[in-house]
Amino acid sequence: MFAKVSCAALRGVDALEVRLEADFTRGGLPSFNMVGLAEGAVKEAGGRVFTALRNCAFNLPSGRITVNLAPANYRKEGSSYDLPLALGLLAAAGAIPTEALEGFYCLGELSLTGELRSVPGVLPVAMLAAEKGARGLLVPLDNAGEGAVVRGLAVYGARSLPEAVAFLGGKLSLEPARPDEDRGEEDFSGRFVFDFAEVKGQEHAKRAIELAAAGGHNILFIGPPGSGKTMLARRIPGILPPLSFEESLEVTRIYSVAGLLRPGQSLLRSRPFRAPHHTTSNAGMVGGTANPRPGEVSLAHRGVLFLDELPEFQKSVLEVLRQPLEDGRISIARAAITVSYPARIMLVAAMNPCPCGYYGDRRHSCACAPQAVQRYRSRLSGPLLDRLDLHVEVPAVPYEELRARNPGTGSARMRARVVRARALQESRYRGSSCRGNAELNGSMLEEYCALDKEGSDFLGQAVKSLALSARSYTRILRLARTAADLADKEQIGVEHLAEAVNCRVLDREQPG
């Protein structure tokens, strides 16, 4: 007999339809043959599945079995084919009706006792099944909430292979899963785990952070050890606007493919904050290896990627960030496959001003020679620095400010202003591919960042005196647009341009 089961393969963050075809022929020498470009764990599925069937009292008659994973022009990886294979074999042997499998997408890993274990990538498969108009999606119980966030699709979670077979055979009723409470709105009550009110002093840095968050700009903190650079960075996600449902789906799909969702977790509503160590490799940062998977830059999609001690990262690791910072996507090409991952991030970086950390500090003398300072800063290429919209000095906090009892600007006030500025941008750019000021380019930059004569003269003088690159000029215009939005001004003024220029200290500072 012949049976087929719908399942899926992952390519990047997308799911591609796969048909598992099982043919069972009675008599002859028993054999099992799997074709269709199966890799690794898929080839091993036969051993797991046959043992699970036997331990669950599903006794297949002796015969020749051929399994095809179609189409055969791309690789199938992972353990998610265990459940489709088991169901296909049972249907081909006549143990369950073949029509019971029609319209269902199935995936899940089997233990040797027939228990269903969670697998990565359920959300992309659920989106594919909904697009194809499937009757439902059958997955392990721990994955059911993840798939249930897709609207218009019934997702059923089973604990074991016998439970899945009984459900498909009409002997057991399963209720469609519902997403967990992560789907609810974020808390806007003003309670923050990390609040900017806890940061003493650094009001100039807080204003720069507000600018960066309001426009989605990248920012670099420069200051001595202990000045609060990491403390500031960890509080940035708290003032960003909540993720929309569509953005939550984008983020959750990446974490689903990477296998980083907790069992039973469905939709991620908090913006990601990723802080990789400076020993991270190229593949760890942007994704890769022989079997590509999302890297840190993709795991930070729609959130914050924080790189502490920026010059300590390998130069090659920093240079591979240039494409995703510009395009919002990262493409990984291998001999057999090319995948693309979203990477629309807010890059937040921190560095000391010199190797010892005290260049320019009034309280400590710097022990570095001018050449050492220059070599240290030259680890960051000009093109990378150009992609960092704000370069902000974070000096050591004076003792008087550390002892002050009056709290500084808090996260609640900052987020209210950021949300208002983002809403203004969303309304302004509605109908275009641009979502914020940091993405302005080409004709849109000229249209929405038009300057009057006074502003044009001021910026022209700044470009000449500071020898700014074309990319720096663009960054200043975008920052000035954000400063005007925070001030609720339609026209960019000289004061907004001046603030933007002052937020790029590396354009005018030369060590030594």
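Every residue, every condition in (1) free of Cβ contacts under 8 Å to residues at least 12 places away in the same chain; (2) under 22 Å from R178 (Cβ atoms); (3) open to solvent by 20 Å² or more (accessible area, probe 1.4 Å); (4) of a type in the set (A, V, I, L, M), yes or no:
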{"position": "L90", "(1), (2), (3), (4)": "no, no, no, yes"}
{"position": "L107", "(1), (2), (3), (4)": "no, yes, no, yes"}
{"position": "L116", "(1), (2), (3), (4)": "no, yes, no, yes"}
{"position": "N143", "(1), (2), (3), (4)": "no, yes, no, no"}
{"position": "R151", "(1), (2), (3), (4)": "no, yes, yes, no"}
Kindly list, by first and then second residue, each pair from a residue in segment 367-378 that is within 17 Å of K315 (Cβ to Cβ) and among the basic types (K, R) to a residue that is outside any helix (DSSP H, G or I) and modelled with pLDDT under 90, limited to pairs with Cβ atoms under 9 Å and residues at least 6 apart or on different chains. R377/P511
Select, from L101, L69, the only residue that is under 13 Å from G36 (Cα atoms) and either at pLDDT 95 or above or exposed (fewer than 15 other Cβ atoms within 10 Å of the Cβ) (or both). L69
Quick one: what pairs do we get from segment 401-420, first residue surrounded by fewer than 17 Cβ atoms within 10 Å (Cβ to Cβ), second of a type outside the set (F, W, Y) and not in a helix (DSSP H, G or I), C-beta under 6 Å, 6+ apart or different chains? E401/K200; E401/G201; L402/K200
Pair list, Cβ < 6 Å and 6+ apart or interchain, from segment 69-80 residues that are under 14 Å from C106 (Cα atoms) to residues that are basic (K, R) and at pLDDT 90 or above: L69/K76
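Being among the aliphatic types (A, V, I, L, M), open to solvent by 30 Å² or more (accessible area, probe 1.4 Å) and part of a strand (DSSP E or B) is the filter here; which residues of segment 1-30 pass it? Give the derivation first.
Here is the first cut: in segment 1-30, the ones among the aliphatic types (A, V, I, L, M) are 1, 3, 5, 8-10, 13, 15-16, 18, 20, 22, 29.
Pick out the ones that are also open to solvent by 30 Å² or more (accessible area, probe 1.4 Å) and you get 1, 10, 16, 29.
L10, L16 - these are the residues of segment 1-30 that are among the aliphatic types (A, V, I, L, M), open to solvent by 30 Å² or more (accessible area, probe 1.4 Å) and part of a strand (DSSP E or B).
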Looking at (1) within 30 Å of A372 (Cβ to Cβ); (2) hydrophobic (A, V, I, L, M, F, W, C); (3) part of a loop (DSSP other than H, G, I, E, B), which one does V501 not meet, given that it meets all the others? (3)
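Give the residue, chosen from A300, A343, that is aliphatic (A, V, I, L, M), over 22 Å from S381 (Cα atoms), buried (at least 19 other Cβ atoms within 10 Å of the Cβ) and touching a strand residue (DSSP E or B) at 6+ places or on another chain (Cβ under 9 Å). Don't jump to the end; show me each part of the working.
Working: A343 fails: over 22 Å from S381 (Cα atoms).
Result of the check over A300, A343: A300.
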Considering only strands (runs of 3 or more DSSP E) fully contained in segment 294-406, which possess at least 2 residues that are in contact with a Cys (Cβ under 9 Å, 6 or more places away or on another chain)? 390-393
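The values are calculated or read from the model by the stated rules, or taken from the named source; none is laboratory data. This one's a predicted model, so the numbers in the text were calculated from it and none came from an experiment. Backbone-built Cβ (ideal geometry, glycine too); neighbour counts: all protein chains shown. Quick note on the areas: whole protein, heavy atoms, side chains included, nothing else; ligands and nucleic acids left out. Shrake-Rupley method; radii C 1.70, N 1.55, O 1.52, S 1.80 Å.
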